[in-house]
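Working notes for the structure below.
A short reminder: the numbers here are calculations on the coordinates, not readings from a lab. Treat the numbers as computed from the prediction; the structure is a model and nothing was measured. Cβ sites come from the backbone with ideal geometry, for glycine too, and all protein chains shown count toward neighbours.
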Amino acid sequence: MESSENLKLENQICFPLYVIAKEITGLYRPFLDELDMTYPQYLVMMVLWEHDGMTVSCIGEKLYLDSGTLTPLLKRLEAKGLITRQRKKEDERVVEVFITEAGQQLKSKACSVPEKIVNSTKVDPEDLMRLKESVQNIIKTLKE
């Protein structure tokens, strides 16, 4: 006989993860509004600030996004003048993404966002780092 305990919200692993992701992502909103970016756009730009000239598939791998989700994000960033997309000469099926000058200038404005987020959580930064490491370990295990 199945236990209805399994269906209680308080017994779910996913629910607190959903809530914390929603809450922390919400903390980003005012800071990203100042940059005229959404959170997913910010993630793409962080990847490109770290490794300019990545392929769409590499960006997708880093962010765990498929091309159907990523392509509209990239189109919006390109329309804002923050990136350019170019097909590789050797293989036109492959699209590379490059940061524009405006995208580089945005980086200096975005540098303060992570610190603002940590400060706005009012949580001990060490606790946040332990949480991040724990979640990363779970993601790694799930993706193996």
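Cα-Cα over 28 Å: which of Lys88/Lys109; Lys109/Lys140; Lys88/Lys140; Lys80/Lys140; Lys89/Lys132; Lys22/Lys122? Can you show the working numbers first?
Numbers: Lys88/Lys109 30 Å; Lys109/Lys140 31 Å; Lys88/Lys140 31 Å; Lys80/Lys140 34 Å; Lys89/Lys132 39 Å; Lys22/Lys122 16 Å.
Flagged as over cut-off: Lys88/Lys109; Lys109/Lys140; Lys88/Lys140; Lys80/Lys140; Lys89/Lys132.
Assuming a viscosity of 1.306 mPa s and a temperature of 10 °C, what translational diffusion coefficient in µm² per second does Stokes-Einstein assign to the chain, Rh being the Kirkwood radius over Cα pairs? Mind showing how you got there, number by number?
On the way: Rh = 17.5 Å.
Approximately 91 µm²/s, per Stokes-Einstein.
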Most positive-pole-ward Cα, Val118, Val47, Gln12, against dipole of the chain from beta carbon charges: Val47
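In which sequence would Glu61, Glu50 go, from the one with the fewest C-beta neighbours within 10 Å to the one with the most? Working shown, then result.
Numbers: Glu61 12, Glu50 9.
Neighbour counts put them in this order, fewest first: Glu50, Glu61.
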C-alpha long axis of helix 125-143 to longest principal axis of the chain, angle in °: 80 degrees
